[in-house]
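Remarks on the structure that follows.
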Amino acid sequence: MANKYFEYKSGLGNVGSYQASARPFVSSSIELGSLSTSTKISFPTVTKFVTIKNTSPISGLGAKAVVRVGFSANGVETGTNYYTLASQESFSADWRVSSVYLMLDSGLLNATASVIAGCTGIDSQELAHNWSGSAGVG
């Protein structure tokens, strides 16, 4: 007899969720105008992959805006657990995350970014990690 309280749902270890085509997520023209406050981009479900592009223009004098990318506000605002993208640079990775944080690092104060992700059918609540930015993840 089936347990009426058991609900089947995909979890982080469900391989099929990562083999199936991802549901697209796109956020463009994200404005990053502060050198001290990060911008959180939340995904509706756990991601299969993420691509982040610093869409800031390169000025006529060659000046570039540099954007920090990390996985917690602490990691990008006060820590060292982030990576940077200069103007017009992008980075893609197979990350299983529910959000990313972006912040202006240096350069032009009219920096912009775009985020493209492939979302799985896995609920974001399945990621129970506390990525505070203090343990190598930020």
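The values are calculated or read from the model by the stated rules, or taken from the named source; none is laboratory data. All figures in this text were calculated on a predicted structure; none of them were measured in a lab. Here the Cβ positions follow ideal geometry from the backbone for every residue, glycine too, while neighbour counts run over all protein chains shown. Side chains included, ligands, DNA and RNA excluded: accessible areas come from the protein's heavy atoms. Shrake-Rupley method; radii C 1.70, N 1.55, O 1.52, S 1.80 Å.
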Quiz item: All other residues with a Cβ under 13 Å from the Cβ of Asn54 taken together, and with Lys, Arg as +1 and Asp, Glu as -1, what is their net charge?
Solution: 0
Quiz item: Roughly speaking, what is the stretch gain from Asp123 to Ser90, that is 0.36 nm per residue apart minus the C-alpha to C-alpha distance, in nm to one decimal?
Solution: 9.2 nm
Exercise. For the stretch 1-115, with all protein chains present and a 1.4 Å probe, just round the carbon and sulfur fraction of the accessible area to a whole percent.
Key: 52
Exercise. Please work out the Kirkwood hydrodynamic radius for the stretch 4-118, using every pair of different C-alpha atoms, and report it in angstroms with one decimal place.
Key: 15.1
Practice problem: Counting only heavy atoms of the protein chains, get the accessible area per residue of the stretch 1-95 (1.4 Å probe) and round it to a whole Å² value. | Solution: 62
Quiz item: Any idea of Tyr101's accessible area? Nearest 10 Å², probe 1.4 Å.
Solution: 40
Quiz item: Can you give the Rg to Rh ratio for the stretch 58-105, taking only C-alpha atoms and Rh from Kirkwood?
Solution: 1.03
